[in-house]
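The values are calculated or read from the model by the stated rules, or taken from the named source; none is laboratory data. These figures come from a predicted structure and were not determined experimentally. Cβ placement follows ideal geometry from the backbone for every residue including glycine, while neighbour counts extend to all protein chains displayed. Note: accessible area is taken over every heavy atom of the protein model, side chains too, but ligands, DNA and RNA are not part of it. Shrake-Rupley method; radii C 1.70, N 1.55, O 1.52, S 1.80 Å.
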Amino acid sequence: MKKTEEIDFEAIVIGAGFSGLYQLHALRDKLGMSVHLFEAADDLGGTWYWNRYPGARCDSESHTYCYYFSEELLQEWEWSERYPEQKEILEYLNFAADRLDLRTDITFSNRITQMVFDEESLIWTVLSEDGREYRTRFIINAVGCLSSTNIPNILGKERFEGSIYHTGEWPHEGVDFSGKSVAVIGTGSSGIQTIPEVGKLASQTTVFQRTPNYSIPARNEKLSQTFIDNFKASTSEWMRKMLLSRGGHAWPIPTRHLIDTPELERRKILEEAWSVGGLGFRECFDDILVNKRSNLIMSDFIKDKIKDVVKDQDKSAILTNIDYPFSTKRPPIDTEYFETFNEENVNIVDIKADPITEITAKGIKTRSKEFFFDIIIFATGFDAMTGSMLKIDVIGRKKKTLKDVWKAGPLTYLGLQVEDFPNMFILTGPGSPSVLTNMPRTIEHHVEFVTACISHMVVNNFRAMEPTNKAMVEWVEHVNEVADKTLLPKTKHSWYLGSNVPGKPQVFMPYAGGLNNYRDICSEIVEDGYRGFNFT
Ligand code: NA7
């Protein structure tokens, strides 16, 4: 029996992705704390450990999608392409973990299932799947925003005699598509990356599309040595640009409104941005997410581009039947996605018009037709932003459960902490800019914020920290107000709102005010004596 005050580690970090690895390093090597990291997978990587589907690649540009807290890491690592593919990101994270000697303080294949706060000792007891218990003062949840897979509950799924895969839980040995008839359900970023690769290999590919997507050509390319050398000589300038931007990316900050730009000039700007490609396309004007008319013009521009590519009129009509403003759902970027539909053996089924009714032993039935497959791929996304936290049974003060506190939608202060769950932090949690940004920039900010909070507590002899109810409620109101000033909540079918998961409360979860503004708010709160937080 452990004594009440006894702890195993001063801090426990959960999750070995980008955020957890840096948090382990920061607390252990900057603050000198005893820290341990638990990870459910048998190796590190987080999102990039699980998402090994064909074509898996990051939508952020590689030289921005990495740690900037260490100039050494920046100088030593070399990215090969404009966008890093999954394998390269995993290699990068392994490189960083080895350089920082992190593996010694990580336990793999150990899923945390419960955490319980003791009000008297102010200690958390963390329970893992294998029945072991660990006691700690601080818990930092680095469980990821897009880690809890969403597999729709379609009637008859268990009857299917072929193979079923989800893009977010892809087998390490890969999948052989040659000579196979393959179904892909879902046309979000994962589906849009997978479909061209499957289309090349399978004998027949059928895409089941519920909501069509605006997708921008990624225009991936090898990075030249000149680019790499220039980058290494100016990393601080790259960082400066990223921190000034709303999304934590390094492309030029938009200054023009589409609506005020004369038509010829507007066309020229859109064409130029289209030829550069990538997520930066939406940043060529400043008013896309606030002005309906501007958004409509940009949306129509993209639809025309899709129509130019897809030759078959029926397929083109299904792919461009988009009824929501551009970028209000997370916009994918692609490599030859629409071009793939020019292949005769690649077809698309509009399941909004002709919904899937069941999965049979041999394939998929829609209301009007039966299809036969060897393989079904679910590219159906994730229970985003709250799914992974709510898989853990989190019990705080007065036996309150996180599940209960979040039953009408996530409540947090700054996306970082929840009242009645002292000393528990969530990295890139709901209510923070997170998924609306280039994740490593948001992650570094959160890790450094949490590290500073803990350091502040140590220096001042505080034993517990949590937000006040007022601060939390006001922050959630602010998150909603900010989102409501944009077109973002106008799309009802979006994982930003939780609408992809049946029964999930529909609340706009990320903070849409921009990473630059969010960072300023956090700094002001700290300067104001950690306004909104209570210290014990
Ligand atoms: P997404 O973006 O959530 O896409 C999932 C896709 O699956 C999307 O097209 C969904 O349609 C579709 N879906 C979800 N549930 C169903 C059911 N029940 N039936 C048919 N189709 C369904 O996930 P991704 O993995 O592609 O990307 C996640 C993020 O990773 C991405 O945004 C980037 O940030 C990186 P819907 O649109 O909900 O109608």
Legend entry - Residues of segment 123-176 satisfying the condition of being among the polar types (S, T, N, Q) and either closer than 27 Å to S494 by Cα or in a loop (DSSP other than H, G, I, E, B) (or both): N141, S147, S148, T149, N150, N153, T167
Inset, instruction - Give the number of residues within segment 348-383 that are within 11 Å of the ligand (Cβ to nearest atom), surrounded by fewer than 17 Cβ atoms within 10 Å (Cβ to Cβ) and more than 26 Å from the chain's Cα centre (by Cα). - result: 1
Legend entry - Count of residues meeting criterion [under 26 Å from G278 (Cβ atoms) and open to solvent by 30 Å² or more (accessible area, probe 1.4 Å)] in segment 163-187: 0
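Find the residue count for segment 20-34, including only residues that are open to solvent by less than 10 Å² (accessible area, probe 1.4 Å) and either touching a Ser or Thr at 6+ places or on another chain (Cβ under 9 Å) or at pLDDT below 95 (or both).
So in segment 20-34, the residues open to solvent by less than 10 Å² (accessible area, probe 1.4 Å) come out as 20-24, 26-27.
From the residues that got through so far, the ones that are either touching a Ser or Thr at 6+ places or on another chain (Cβ under 9 Å) or at pLDDT below 95 (or both) too are 23, 26-27.
Summing the residues that are open to solvent by less than 10 Å² (accessible area, probe 1.4 Å) and either touching a Ser or Thr at 6+ places or on another chain (Cβ under 9 Å) or at pLDDT below 95 (or both) in segment 20-34 gives 3.
Yes or no, residue by residue, for (1) within 23 Å of I443 (Cβ to Cβ); (2) touching a residue at least 40 places away in the same chain (Cβ under 8 Å); (3) outside the structural domain of L416 (by TED's automatic domain parsing):
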| residue | (1), (2), (3) |
| --- | --- |
| T491 | no, yes, no |
| W495 | yes, yes, no |
| G503 | no, no, no |
| F508 | yes, no, no |
| L515 | yes, yes, no |
| Y518 | yes, yes, no |
| C522 | yes, yes, no |
| V526 | yes, yes, no |
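What residue, of K407, K398, K403, is open to solvent by 10 Å² or more (accessible area, probe 1.4 Å), in contact (Cβ under 8 Å) with a residue 12 or more places away in the chain, outside any strand (DSSP E or B) and on the phi > 0 side of the Ramachandran plot? Before the answer, list the steps.
Numbers: K407 fails: on the phi > 0 side of the Ramachandran plot; K403 fails: on the phi > 0 side of the Ramachandran plot.
The conditions single out K398.
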Inset, instruction - Starting from segment 184-198, keep only residues that are farther than 22 Å from E344 by Cβ and within 7 Å of the ligand (Cβ to nearest atom), then list their pairs with residues that are open to solvent by 10 Å² or more (accessible area, probe 1.4 Å) and among the polar types (S, T, N, Q) whose Cβ atoms are within a distance under 6 Å, requiring at least 6 positions of separation or different chains. - result: G186/T380
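Just for segment 203-219: of the residues that are assigned to a loop (DSSP other than H, G, I, E, B) and more than 16 Å from the ligand (Cβ to nearest atom), which one is surrounded by the most Cβ atoms within 10 Å (Cβ to Cβ)? Spell out the reasoning first.
Step one: filter segment 203-219 for residues assigned to a loop (DSSP other than H, G, I, E, B), giving 203, 210-215, 218-219.
Still in the running and more than 16 Å from the ligand (Cβ to nearest atom): 203, 219.
Details: S203: 12, R219: 16.
For segment 203-219, the residue satisfying everything is R219.
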Legend entry - L289, sole failed condition from (1) within 21 Å of R82 (Cα to Cα); (2) buried (at least 18 other Cβ atoms within 10 Å of the Cβ): (1)
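Based on this model, can you work out whether F108 counts as touching a Phe, Trp or Tyr at 6+ places or on another chain (Cβ under 6 Å) and either more than 28 Å from G131 (Cα to Cα) or more than 16 Å from the ligand (Cβ to nearest atom) (or both)? Step through it out loud before you land on a result.
Working: touching a Phe, Trp or Tyr at 6+ places or on another chain (Cβ under 6 Å): no; either more than 28 Å from G131 (Cα to Cα) or more than 16 Å from the ligand (Cβ to nearest atom) (or both): yes.
Criteria not met by F108.
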Legend entry - Given (1) in contact with a His (Cβ under 8 Å, 6 or more places away or on another chain); (2) away from the ligand (no atom under 14 Å from the Cβ), index of the condition N500 fails: (2)
Legend entry - Selected residue [within 16 Å of the ligand (Cβ to nearest atom), of a type in the set (S, T, N, Q) and within 26 Å of H249 (Cα to Cα)] from T386, T451, T412: T386
Inset, instruction - Any residue in segment 152-177 that's on the phi > 0 side of the Ramachandran plot: show its pairings with residues that are open to solvent by 30 Å² or more (accessible area, probe 1.4 Å) at Cβ separation under 7 Å, as long as the two are six or more apart or on different chains. - result: G156/E358
Inset, instruction - List every residue pair whose Cβ atoms lie under 9 Å apart, where the two residues are 6 or more positions apart in sequence or sit on different chains, the first residue falls within segment 99-111 and is in contact (Cβ under 8 Å) with a residue 40 or more places away in the chain and at negative phi, and the second residue, located anywhere, is exposed (fewer than 15 other Cβ atoms within 10 Å of the Cβ) and part of a helix (DSSP H, G or I). - result: L100/D29
Inset, instruction - Pick out the one residue from G247, G277 that is within 16 Å of the ligand (Cβ to nearest atom) and among the small types (G, A, S). - result: G247
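Yes or no: Y49 aromatic (F, W, Y), open to solvent by less than 20 Å² (accessible area, probe 1.4 Å), under 26 Å from K241 (Cβ atoms) and not assigned by TED's automatic domain parsing to the domain that holds G277? Let's see the steps before the verdict.
Details: aromatic (F, W, Y): yes; open to solvent by less than 20 Å² (accessible area, probe 1.4 Å): yes; under 26 Å from K241 (Cβ atoms): no; not assigned by TED's automatic domain parsing to the domain that holds G277: yes.
No, not satisfied.
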Inset, instruction - Being touching a Leu at 6+ places or on another chain (Cβ under 9 Å) and either assigned to a loop (DSSP other than H, G, I, E, B) or over 20 Å from W77 (Cα atoms) (or both) is the filter here, so list the residues in segment 220-241 that pass it. - result: none
